[in-house]
Amino acid sequence: MTEISPTIDPGARSAILDAVTGLAGKGVAMLDGLVRHRSLLGHEHGALDAMAAAYEGLGLAPRRVPVDVDALSGRPGFSPPLIGYAGRDNVVAEFTPRDGTGRSLLLQGHVDVVPEGAADLWTTPPFEPSIRDGRMYGRGAGDMKAGLVAIVMAMRALREARLQPAAPVQFAAVIEEECTGNGALAVMHALPKPDACLIPEPGPGYPALYVAEVGVVWAWVTVTGRPAHVREKHAGISAIEAAWIVAQAFERYEAEANRAERRHQAFAEDNHPINVNVGTIEGGEWNSSVANRVKVGVRVGVMPGQSCHAVRAEIEALMMATADDPRMRGASLAVAFRGFMADGALFPAEQPIAQMVSAQHHAVTGAALRHYAAAGLTDARFYTLYQGTQATCYGPDATNIHAIDESVGLDCVVETTKVLALTIAEWCGLERRSP
(Lines give C-alpha, C1' and ligand atoms only; values in the text may rest on other atoms or scores of the structure.)
Protein backbone atom coordinates (compact mmCIF):
# COMPACT_ATOMS: atom_id res chain seq x y z
CA MET A 1 0.00 0.00 0.00
CA THR A 2 1.29 3.46 -0.87
CA GLU A 3 1.73 5.68 2.14
CA ILE A 4 -0.26 8.90 2.07
CA SER A 5 0.91 11.64 4.39
CA PRO A 6 -2.10 12.86 6.40
CA THR A 7 -3.13 16.46 5.97
CA ILE A 8 -6.18 16.42 8.24
CA ASP A 9 -5.83 17.74 11.74
CA PRO A 10 -6.15 14.74 14.13
CA GLY A 11 -8.98 16.46 15.97
CA ALA A 12 -10.90 17.02 12.76
CA ARG A 13 -10.30 13.41 11.72
CA SER A 14 -11.65 12.15 15.04
CA ALA A 15 -14.68 14.43 14.79
CA ILE A 16 -15.47 13.16 11.28
CA LEU A 17 -15.24 9.50 12.31
CA ASP A 18 -17.38 10.11 15.39
CA ALA A 19 -19.97 11.86 13.24
CA VAL A 20 -20.16 8.92 10.83
CA THR A 21 -20.71 6.55 13.74
CA GLY A 22 -23.43 8.80 15.12
CA LEU A 23 -25.20 8.87 11.75
CA ALA A 24 -25.34 5.08 11.37
CA GLY A 25 -29.02 4.87 12.29
CA LYS A 26 -29.96 7.61 9.84
CA GLY A 27 -28.01 5.77 7.15
CA VAL A 28 -29.97 2.58 7.79
CA ALA A 29 -33.24 4.53 7.59
CA MET A 30 -32.20 6.15 4.30
CA LEU A 31 -31.18 2.80 2.83
CA ASP A 32 -34.47 1.26 3.92
CA GLY A 33 -36.35 4.04 2.15
CA LEU A 34 -34.33 3.74 -1.06
CA VAL A 35 -34.72 -0.04 -1.29
CA ARG A 36 -38.50 0.38 -1.00
CA HIS A 37 -38.45 2.26 -4.32
CA ARG A 38 -38.85 -0.42 -7.01
CA SER A 39 -36.56 1.51 -9.32
CA LEU A 40 -36.52 -0.84 -12.28
CA LEU A 41 -35.85 0.46 -15.78
CA GLY A 42 -38.46 3.13 -16.51
CA HIS A 43 -39.57 3.40 -12.87
CA GLU A 44 -36.65 5.28 -11.31
CA HIS A 45 -38.53 8.50 -10.52
CA GLY A 46 -39.24 7.71 -6.85
CA ALA A 47 -35.62 6.93 -6.07
CA LEU A 48 -34.48 10.00 -8.01
CA ASP A 49 -36.85 12.20 -5.98
CA ALA A 50 -35.49 10.64 -2.79
CA MET A 51 -31.93 11.47 -3.82
CA ALA A 52 -32.92 15.04 -4.67
CA ALA A 53 -34.34 15.37 -1.16
CA ALA A 54 -31.14 13.90 0.30
CA TYR A 55 -29.04 16.48 -1.54
CA GLU A 56 -31.33 19.23 -0.28
CA GLY A 57 -30.74 17.89 3.21
CA LEU A 58 -27.04 18.58 2.69
CA GLY A 59 -27.83 22.22 1.99
CA LEU A 60 -27.37 21.78 -1.76
CA ALA A 61 -29.60 22.75 -4.67
CA PRO A 62 -30.31 19.64 -6.76
CA ARG A 63 -31.07 19.94 -10.44
CA ARG A 64 -32.12 17.53 -13.14
CA VAL A 65 -29.96 16.42 -16.04
CA PRO A 66 -31.92 14.82 -18.89
CA VAL A 67 -30.58 12.21 -21.28
CA ASP A 68 -30.77 13.98 -24.63
CA VAL A 69 -30.44 11.23 -27.23
CA ASP A 70 -29.97 13.66 -30.10
CA ALA A 71 -27.11 15.39 -28.30
CA LEU A 72 -25.43 12.23 -27.02
CA SER A 73 -25.90 9.70 -29.82
CA GLY A 74 -22.76 10.88 -31.61
CA ARG A 75 -20.64 10.93 -28.45
CA PRO A 76 -18.16 8.18 -27.59
CA GLY A 77 -19.64 5.76 -25.07
CA PHE A 78 -23.28 6.17 -26.10
CA SER A 79 -25.38 3.00 -26.12
CA PRO A 80 -28.62 2.49 -28.10
CA PRO A 81 -31.43 2.90 -25.53
CA LEU A 82 -34.07 0.34 -24.68
CA ILE A 83 -36.84 2.84 -23.83
CA GLY A 84 -37.46 6.60 -23.92
CA TYR A 85 -36.15 9.07 -21.33
CA ALA A 86 -39.14 11.30 -20.57
CA GLY A 87 -39.63 11.77 -16.82
CA ARG A 88 -36.40 9.98 -15.90
CA ASP A 89 -33.87 12.79 -15.51
CA ASN A 90 -30.69 12.22 -13.53
CA VAL A 91 -30.25 14.27 -10.34
CA VAL A 92 -27.07 16.23 -9.61
CA ALA A 93 -25.95 18.74 -7.01
CA GLU A 94 -22.76 20.76 -6.61
CA PHE A 95 -21.02 21.92 -3.46
CA THR A 96 -18.95 25.11 -3.81
CA PRO A 97 -16.34 25.96 -1.14
CA ARG A 98 -15.51 29.44 0.10
CA ASP A 99 -11.92 29.51 -1.15
CA GLY A 100 -11.47 26.47 -3.43
CA THR A 101 -7.95 25.46 -2.47
CA GLY A 102 -8.18 21.67 -2.92
CA ARG A 103 -8.88 19.11 -5.64
CA SER A 104 -12.41 18.63 -6.94
CA LEU A 105 -14.24 15.32 -6.71
CA LEU A 106 -17.30 13.68 -8.28
CA LEU A 107 -19.26 11.19 -6.14
CA GLN A 108 -21.70 9.24 -8.28
CA GLY A 109 -24.07 6.30 -7.93
CA HIS A 110 -26.94 4.72 -9.83
CA VAL A 111 -30.51 4.36 -8.60
CA ASP A 112 -31.66 1.72 -11.11
CA VAL A 113 -31.90 -1.92 -10.11
CA VAL A 114 -32.30 -5.15 -12.05
CA PRO A 115 -35.53 -7.20 -11.86
CA GLU A 116 -35.96 -9.30 -8.74
CA GLY A 117 -36.49 -12.61 -10.50
CA ALA A 118 -38.86 -15.06 -8.84
CA ALA A 119 -40.02 -13.06 -5.82
CA ASP A 120 -41.35 -16.21 -4.13
CA LEU A 121 -37.76 -17.49 -3.81
CA TRP A 122 -36.73 -14.54 -1.63
CA THR A 123 -36.69 -15.12 2.13
CA THR A 124 -38.46 -11.77 2.51
CA PRO A 125 -40.06 -9.65 -0.25
CA PRO A 126 -37.34 -8.03 -2.39
CA PHE A 127 -38.65 -4.47 -2.04
CA GLU A 128 -39.51 -4.76 1.65
CA PRO A 129 -36.04 -4.46 3.21
CA SER A 130 -35.27 -6.82 6.06
CA ILE A 131 -32.34 -6.75 8.51
CA ARG A 132 -30.99 -10.14 9.56
CA ASP A 133 -27.67 -10.82 11.28
CA GLY A 134 -26.40 -7.31 10.61
CA ARG A 135 -27.22 -7.32 6.91
CA MET A 136 -29.98 -5.55 5.00
CA TYR A 137 -31.70 -7.70 2.41
CA GLY A 138 -33.51 -6.29 -0.60
CA ARG A 139 -33.10 -5.72 -4.31
CA GLY A 140 -30.63 -2.88 -4.82
CA ALA A 141 -29.50 -2.81 -1.18
CA GLY A 142 -25.97 -3.60 -2.29
CA ASP A 143 -26.03 -2.69 -5.96
CA MET A 144 -25.85 0.11 -5.29
CA LYS A 145 -28.16 2.01 -2.95
CA ALA A 146 -25.86 1.43 0.03
CA GLY A 147 -23.20 3.32 -1.92
CA LEU A 148 -25.55 6.25 -2.46
CA VAL A 149 -26.26 6.30 1.28
CA ALA A 150 -22.53 6.23 2.06
CA ILE A 151 -21.96 9.27 -0.16
CA VAL A 152 -24.72 11.30 1.51
CA MET A 153 -23.75 10.29 5.03
CA ALA A 154 -20.06 11.01 4.39
CA MET A 155 -20.86 14.58 3.37
CA ARG A 156 -23.32 14.91 6.23
CA ALA A 157 -20.64 13.78 8.69
CA LEU A 158 -18.39 16.62 7.57
CA ARG A 159 -21.23 19.04 8.26
CA GLU A 160 -21.86 17.47 11.67
CA ALA A 161 -18.17 18.06 12.45
CA ARG A 162 -18.62 21.72 11.39
CA LEU A 163 -16.35 21.19 8.39
CA GLN A 164 -16.72 21.29 4.63
CA PRO A 165 -14.57 20.41 1.60
CA ALA A 166 -12.11 23.03 0.42
CA ALA A 167 -12.80 22.14 -3.22
CA PRO A 168 -15.88 21.64 -5.38
CA VAL A 169 -17.68 18.33 -4.84
CA GLN A 170 -20.20 17.07 -7.38
CA PHE A 171 -22.95 14.61 -6.50
CA ALA A 172 -24.84 12.58 -9.09
CA ALA A 173 -27.60 9.97 -8.92
CA VAL A 174 -27.97 8.44 -12.37
CA ILE A 175 -30.15 6.01 -14.30
CA GLU A 176 -29.39 3.08 -16.60
CA GLU A 177 -26.08 1.91 -15.18
CA GLU A 178 -27.54 -1.57 -15.56
CA CYS A 179 -28.31 -1.38 -19.28
CA THR A 180 -26.64 1.53 -21.14
CA GLY A 181 -24.76 3.95 -18.89
CA ASN A 182 -26.35 6.83 -20.79
CA GLY A 183 -27.33 8.50 -17.52
CA ALA A 184 -23.69 8.82 -16.49
CA LEU A 185 -22.72 9.92 -20.00
CA ALA A 186 -25.26 12.76 -19.81
CA VAL A 187 -23.98 13.81 -16.39
CA MET A 188 -20.38 13.75 -17.52
CA HIS A 189 -21.17 16.23 -20.28
CA ALA A 190 -23.36 18.39 -18.03
CA LEU A 191 -20.90 18.96 -15.17
CA PRO A 192 -17.45 20.59 -15.10
CA LYS A 193 -14.61 18.11 -15.36
CA PRO A 194 -13.58 17.04 -11.83
CA ASP A 195 -10.08 16.11 -10.73
CA ALA A 196 -11.30 12.61 -9.85
CA CYS A 197 -14.40 10.44 -9.84
CA LEU A 198 -15.23 7.93 -7.11
CA ILE A 199 -18.17 5.53 -7.39
CA PRO A 200 -19.03 3.34 -4.36
CA GLU A 201 -20.02 0.24 -6.31
CA PRO A 202 -20.05 -2.94 -4.22
CA GLY A 203 -17.05 -5.20 -4.09
CA PRO A 204 -17.16 -8.93 -4.94
CA GLY A 205 -18.43 -9.98 -1.51
CA TYR A 206 -15.77 -7.94 0.27
CA PRO A 207 -14.52 -4.33 0.12
CA ALA A 208 -12.32 -3.92 -2.93
CA LEU A 209 -10.70 -1.34 -5.19
CA TYR A 210 -11.62 -1.74 -8.83
CA VAL A 211 -8.53 -1.80 -11.06
CA ALA A 212 -10.12 -3.02 -14.31
CA GLU A 213 -13.44 -3.98 -15.82
CA VAL A 214 -14.66 -5.63 -18.99
CA GLY A 215 -16.94 -3.94 -21.48
CA VAL A 216 -20.32 -5.29 -22.56
CA VAL A 217 -22.36 -5.60 -25.75
CA TRP A 218 -26.05 -6.50 -25.70
CA ALA A 219 -27.28 -8.35 -28.78
CA TRP A 220 -30.84 -9.36 -29.64
CA VAL A 221 -31.13 -12.32 -32.01
CA THR A 222 -34.46 -12.96 -33.69
CA VAL A 223 -34.87 -16.53 -34.95
CA THR A 224 -37.60 -17.19 -37.51
CA GLY A 225 -38.64 -20.74 -38.35
CA ARG A 226 -41.57 -22.20 -40.26
CA PRO A 227 -44.76 -22.88 -38.28
CA ALA A 228 -46.78 -26.05 -38.70
CA HIS A 229 -49.40 -28.05 -36.85
CA VAL A 230 -47.74 -30.48 -34.46
CA ARG A 231 -49.24 -33.42 -36.38
CA GLU A 232 -46.98 -32.34 -39.26
CA LYS A 233 -44.03 -31.34 -37.09
CA HIS A 234 -41.52 -32.67 -39.59
CA ALA A 235 -42.73 -30.09 -42.14
CA GLY A 236 -42.03 -27.17 -39.83
CA ILE A 237 -38.83 -25.53 -38.60
CA SER A 238 -38.86 -24.83 -34.88
CA ALA A 239 -37.50 -21.43 -33.95
CA ILE A 240 -37.05 -22.70 -30.39
CA GLU A 241 -34.83 -25.57 -31.49
CA ALA A 242 -32.89 -23.18 -33.75
CA ALA A 243 -32.45 -20.79 -30.82
CA TRP A 244 -30.66 -23.58 -28.95
CA ILE A 245 -28.16 -23.76 -31.83
CA VAL A 246 -27.66 -19.99 -31.51
CA ALA A 247 -26.92 -20.40 -27.79
CA GLN A 248 -24.36 -23.11 -28.57
CA ALA A 249 -22.64 -20.78 -31.03
CA PHE A 250 -22.28 -18.16 -28.31
CA GLU A 251 -20.83 -20.82 -25.97
CA ARG A 252 -18.09 -21.50 -28.53
CA TYR A 253 -17.49 -17.77 -28.90
CA GLU A 254 -17.09 -17.45 -25.12
CA ALA A 255 -14.48 -20.21 -25.00
CA GLU A 256 -12.51 -18.56 -27.79
CA ALA A 257 -12.68 -15.12 -26.15
CA ASN A 258 -11.19 -16.49 -22.93
CA ARG A 259 -8.12 -18.06 -24.52
CA ALA A 260 -4.95 -17.01 -22.68
CA GLU A 261 -3.50 -15.12 -25.62
CA ARG A 262 -6.63 -12.94 -25.82
CA ARG A 263 -6.74 -11.98 -22.13
CA HIS A 264 -5.62 -8.55 -21.04
CA GLN A 265 -2.82 -8.47 -18.50
CA ALA A 266 -5.22 -7.01 -15.92
CA PHE A 267 -7.05 -10.36 -16.01
CA ALA A 268 -3.94 -12.55 -16.02
CA GLU A 269 -5.10 -14.32 -12.84
CA ASP A 270 -8.64 -14.88 -14.12
CA ASN A 271 -9.00 -17.68 -16.64
CA HIS A 272 -12.59 -16.75 -17.49
CA PRO A 273 -13.11 -12.94 -17.48
CA ILE A 274 -15.33 -12.87 -20.57
CA ASN A 275 -18.82 -14.16 -19.85
CA VAL A 276 -21.51 -14.58 -22.47
CA ASN A 277 -25.01 -14.94 -21.08
CA VAL A 278 -28.34 -15.76 -22.68
CA GLY A 279 -30.36 -13.58 -20.34
CA THR A 280 -33.81 -13.53 -21.95
CA ILE A 281 -35.75 -15.67 -24.38
CA GLU A 282 -39.28 -15.11 -25.59
CA GLY A 283 -41.32 -16.66 -28.34
CA GLY A 284 -43.37 -19.50 -29.57
CA GLU A 285 -47.07 -19.20 -30.10
CA TRP A 286 -48.89 -22.39 -29.08
CA ASN A 287 -48.05 -25.70 -27.42
CA SER A 288 -49.45 -27.56 -30.42
CA SER A 289 -47.72 -25.42 -33.05
CA VAL A 290 -44.13 -25.57 -34.25
CA ALA A 291 -42.66 -22.29 -33.00
CA ASN A 292 -42.48 -19.60 -35.64
CA ARG A 293 -40.37 -16.91 -33.96
CA VAL A 294 -38.10 -16.55 -30.91
CA LYS A 295 -36.15 -13.54 -29.63
CA VAL A 296 -33.00 -14.15 -27.61
CA GLY A 297 -31.26 -11.46 -25.54
CA VAL A 298 -27.52 -12.02 -25.11
CA ARG A 299 -24.88 -10.24 -23.04
CA VAL A 300 -21.33 -10.49 -24.41
CA GLY A 301 -18.24 -9.39 -22.47
CA VAL A 302 -15.55 -7.21 -24.09
CA MET A 303 -11.89 -7.43 -23.08
CA PRO A 304 -10.21 -4.09 -22.20
CA GLY A 305 -8.30 -2.87 -25.22
CA GLN A 306 -10.79 -4.45 -27.62
CA SER A 307 -13.41 -2.18 -29.17
CA CYS A 308 -17.02 -2.97 -28.40
CA HIS A 309 -17.74 -2.17 -32.04
CA ALA A 310 -15.27 -4.88 -33.09
CA VAL A 311 -17.13 -7.31 -30.84
CA ARG A 312 -20.38 -6.25 -32.49
CA ALA A 313 -18.85 -7.15 -35.86
CA GLU A 314 -17.75 -10.53 -34.45
CA ILE A 315 -21.30 -11.23 -33.26
CA GLU A 316 -22.71 -10.33 -36.67
CA ALA A 317 -20.22 -12.68 -38.36
CA LEU A 318 -21.02 -15.41 -35.83
CA MET A 319 -24.72 -15.18 -36.59
CA MET A 320 -24.11 -15.26 -40.34
CA ALA A 321 -22.10 -18.46 -39.91
CA THR A 322 -24.71 -19.95 -37.57
CA ALA A 323 -27.48 -19.29 -40.09
CA ASP A 324 -25.57 -21.54 -42.51
CA ASP A 325 -25.37 -24.42 -40.01
CA PRO A 326 -27.20 -27.40 -41.56
CA ARG A 327 -28.92 -28.04 -38.23
CA MET A 328 -30.80 -24.74 -38.67
CA ARG A 329 -32.77 -26.38 -41.50
CA GLY A 330 -33.40 -23.01 -43.12
CA ALA A 331 -34.37 -20.99 -40.06
CA SER A 332 -33.34 -17.35 -40.50
CA LEU A 333 -31.50 -15.10 -38.06
CA ALA A 334 -31.54 -11.33 -37.59
CA VAL A 335 -29.39 -9.57 -35.00
CA ALA A 336 -29.95 -6.10 -33.54
CA PHE A 337 -28.07 -4.11 -30.91
CA ARG A 338 -29.79 -2.14 -28.14
CA GLY A 339 -28.56 -1.56 -24.64
CA PHE A 340 -24.89 -1.80 -23.73
CA MET A 341 -22.34 -0.93 -26.39
CA ALA A 342 -19.54 -0.39 -23.87
CA ASP A 343 -15.77 -0.67 -23.86
CA GLY A 344 -13.74 -2.12 -21.01
CA ALA A 345 -11.56 0.15 -18.87
CA LEU A 346 -8.56 0.21 -16.56
CA PHE A 347 -8.37 2.04 -13.22
CA PRO A 348 -4.70 1.89 -12.23
CA ALA A 349 -4.07 1.30 -8.55
CA GLU A 350 -1.23 3.84 -8.82
CA GLN A 351 -3.49 6.77 -9.68
CA PRO A 352 -3.75 9.29 -6.83
CA ILE A 353 -7.46 8.78 -6.10
CA ALA A 354 -6.94 5.01 -5.85
CA GLN A 355 -3.97 5.48 -3.54
CA MET A 356 -6.02 7.83 -1.39
CA VAL A 357 -8.92 5.38 -1.05
CA SER A 358 -6.54 2.52 -0.27
CA ALA A 359 -4.78 4.53 2.42
CA GLN A 360 -8.03 5.61 4.08
CA HIS A 361 -9.41 2.06 3.98
CA HIS A 362 -6.29 0.84 5.76
CA ALA A 363 -6.56 3.65 8.31
CA VAL A 364 -10.20 2.82 9.08
CA THR A 365 -10.12 -0.99 9.00
CA GLY A 366 -6.46 -1.86 9.65
CA ALA A 367 -6.52 -4.11 6.57
CA ALA A 368 -4.99 -3.69 3.14
CA LEU A 369 -7.55 -3.01 0.40
CA ARG A 370 -7.76 -5.84 -2.09
CA HIS A 371 -7.73 -5.15 -5.84
CA TYR A 372 -10.52 -6.33 -8.10
CA ALA A 373 -10.56 -6.82 -11.86
CA ALA A 374 -14.29 -7.01 -12.56
CA ALA A 375 -15.94 -9.28 -15.10
CA GLY A 376 -18.79 -6.74 -15.12
CA LEU A 377 -18.80 -3.02 -15.84
CA THR A 378 -19.57 0.27 -14.08
CA ASP A 379 -20.13 3.90 -14.99
CA ALA A 380 -16.55 4.75 -14.00
CA ARG A 381 -15.45 3.84 -17.53
CA PHE A 382 -16.84 7.06 -18.98
CA TYR A 383 -14.59 9.32 -16.95
CA THR A 384 -11.33 7.53 -17.64
CA LEU A 385 -12.01 6.62 -21.27
CA TYR A 386 -13.76 9.73 -22.58
CA GLN A 387 -12.88 12.56 -20.20
CA GLY A 388 -9.33 11.77 -19.13
CA THR A 389 -10.38 11.88 -15.47
CA GLN A 390 -8.93 9.45 -12.97
CA ALA A 391 -11.69 7.24 -11.63
CA THR A 392 -12.25 4.13 -9.57
CA CYS A 393 -14.89 2.22 -7.62
CA TYR A 394 -14.89 1.22 -3.96
CA GLY A 395 -17.90 0.10 -1.97
CA PRO A 396 -19.31 -2.19 0.72
CA ASP A 397 -19.49 -5.98 0.88
CA ALA A 398 -22.66 -6.72 -1.06
CA THR A 399 -23.62 -10.33 -1.80
CA ASN A 400 -26.04 -11.92 -4.27
CA ILE A 401 -26.30 -8.85 -6.47
CA HIS A 402 -28.55 -9.63 -9.47
CA ALA A 403 -29.56 -12.78 -7.57
CA ILE A 404 -31.98 -13.96 -4.86
CA ASP A 405 -31.64 -12.46 -1.35
CA GLU A 406 -29.28 -9.63 -2.29
CA SER A 407 -27.81 -8.06 0.84
CA VAL A 408 -25.24 -5.63 2.21
CA GLY A 409 -23.43 -5.61 5.54
CA LEU A 410 -24.51 -2.60 7.59
CA ASP A 411 -21.23 -2.43 9.55
CA CYS A 412 -19.39 -2.40 6.23
CA VAL A 413 -21.60 0.45 5.01
CA VAL A 414 -20.45 2.47 8.04
CA GLU A 415 -16.82 1.56 7.31
CA THR A 416 -17.27 2.59 3.68
CA THR A 417 -18.82 5.87 4.79
CA LYS A 418 -15.85 6.58 7.04
CA VAL A 419 -13.45 5.88 4.17
CA LEU A 420 -15.42 8.14 1.84
CA ALA A 421 -15.59 10.95 4.41
CA LEU A 422 -11.84 10.82 5.04
CA THR A 423 -11.13 10.58 1.32
CA ILE A 424 -13.20 13.72 0.69
CA ALA A 425 -11.37 15.47 3.51
CA GLU A 426 -7.88 14.47 2.37
CA TRP A 427 -8.52 14.82 -1.36
CA CYS A 428 -10.41 18.10 -1.28
CA GLY A 429 -8.91 19.60 1.86
CA LEU A 430 -11.05 21.08 4.59
CA GLU A 431 -12.30 24.45 5.68
CA ARG A 432 -14.43 25.41 8.66
CA ARG A 433 -18.13 25.54 7.92
CA SER A 434 -19.77 28.90 8.43
CA PRO A 435 -22.30 28.98 11.30
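The values are calculated or read from the model by the stated rules, or taken from the named source; none is laboratory data. Predicted model only: the values in this text are computed from it and were never measured. Ideal geometry is used to build each Cβ from the backbone, glycine not excepted, and the neighbour counts take in all protein chains shown. Protein only, heavy atoms only, side chains kept; ligands, DNA and RNA dropped before computing areas. Shrake-Rupley method; radii C 1.70, N 1.55, O 1.52, S 1.80 Å.
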Q: Round to the nearest 0.05 the FRET efficiency obtained for GLU261 and ARG38 when R0 = 56 Å and r is the Cβ-Cβ distance.
A: 0.80
Q. Hey, with R₀ at 30 Å, roughly what FRET efficiency would GLU269 and HIS309 work out to, going by the Cβ-Cβ distance, to 0.05?
A. 0.60
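For the chain, what proportion of DSSP beta bridges, expressed in % and rounded to the nearest 5, is antiparallel? All intermediate terms of the calculation are to be shown ahead of the outcome.
Working: 48 of 65 bridges.
Among the beta bridges of the chain, antiparallel pairing accounts for roughly 75 percent.
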Q. Over the chain, what relative contact order in percent results from Cα pairs under 8 Å that are six or more residues apart?
A. 26 percent
Q: Could you check which residue among SER289, SER307, SER73 shows the biggest mean-square fluctuation in a GNM of the chain with a 10 Å Cα cutoff?
A: SER289
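About the Cα centre of the chain, what is the dipole size in debye to 20, counting +1 per Lys and Arg Cβ and -1 per Asp and Glu Cβ, all else neutral?
Numbers: 37 positive and 49 negative charges, 90 e Å.
Roughly 440 debye for the chain.
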**Q.** region 113-270: Cα Rg divided by the 2.2 N^0.38 Å rule of thumb
**A.** 1.53
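Let me check against my output: what whole-number percent is the relative contact order of region 387-435, with C-alpha pairs under 8 Å and at least 6 apart?
Working: 22 pairs, mean separation 12.3, N = 49.
Computed value for region 387-435: 25 percent relative contact order.
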Q: Putting +1 on Lys and Arg Cβ atoms and -1 on Asp and Glu Cβ atoms, find which of VAL216, ASN182, THR399 reaches farthest to the positive end of the dipole of the chain.
A: ASN182
(Q) Angle check, please: helix 352-365 long axis (alpha carbons) against the longest principal axis of the chain (alpha carbons), in degrees 0 to 90, nearest 10. (A) 70 degrees
Q: Calculate how steeply helix 410-428 sits against the longest principal axis of the alpha-carbon atoms of the chain, using the helix alpha-carbon long axis, and give the answer as 0 to 90 degrees to the nearest 10.
A: 60 degrees
(Q) Pick from ALA321, ALA374, ALA354 the residue whose mean-square fluctuation is largest in a GNM of the chain, springs joining Cα atoms under 10 Å. (A) ALA321
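Length gain on complete extension for the stretch HIS45 to GLU232, per 0.36 nm per residue less the alpha carbon to alpha carbon distance?
On the way: separation 187, 0.36 × 187 = 67.32 nm, distance 5.07 nm.
Stretched fully, the HIS45-GLU232 segment lengthens by 62.3 nm.
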Q) Over region 18-173, what percent of the accessible surface lies on carbon and sulfur atoms, probe 1.4 Å? A) 51 percent
Q) Looking only at region 97-133, which residues have a backbone nitrogen under 17 Å from a spot 7 Å from the Cα of LEU82 in the C-beta direction? A) 110-119
**Q.** Highest-fluctuation residue, PRO204, PRO66, PRO125 considered, GNM on the chain with Cα pairs under 10 Å
**A.** PRO125
Q) For region 77-165, which trypsin sites (Lys or Arg not before Pro) are both in a DSSP coil and crowded by at most 16 other Cβ atoms within 10 Å? A) ARG98, ARG162
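Listed highest first by mean packing, meaning other Cβ atoms within 10 Å per residue, what order do 25-38, 397-410 come in?
Details: 25-38: 18.9, 397-410: 20.8.
The most tightly packed comes first, giving 397-410, 25-38.
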Q | Spacing of the two label points (7 Å from each Cα toward its C-beta) at ARG327 and TRP244, in nm | A | 0.9 nm
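Let me spell out the model: positive unit charges on the Cβ of Lys and Arg, negative unit charges on the Cβ of Asp and Glu, origin at the Cα centre of region 310-362. What dipole size does that give, in debye rounded to 20? Working shown, then result.
Working: 4 positive and 6 negative charges, 50 e Å.
The calculation lands at about 240 debye.
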Q: May I ask for the angle, rounded to the nearest 10°, between helix 308-323 and the longest principal axis of the chain, with both axes built from Cα atoms and the value confined to 0 to 90°?
A: 20 degrees
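Counting only C-alpha contacts under 8 Å and six or more residues apart, can you give the relative contact order of region 249-347 as a whole percent? The partial results should precede the final answer.
Working: 100 pairs, mean separation 22.9, N = 99.
Once divided by the residue count of region 249-347, the mean separation gives 23 percent.
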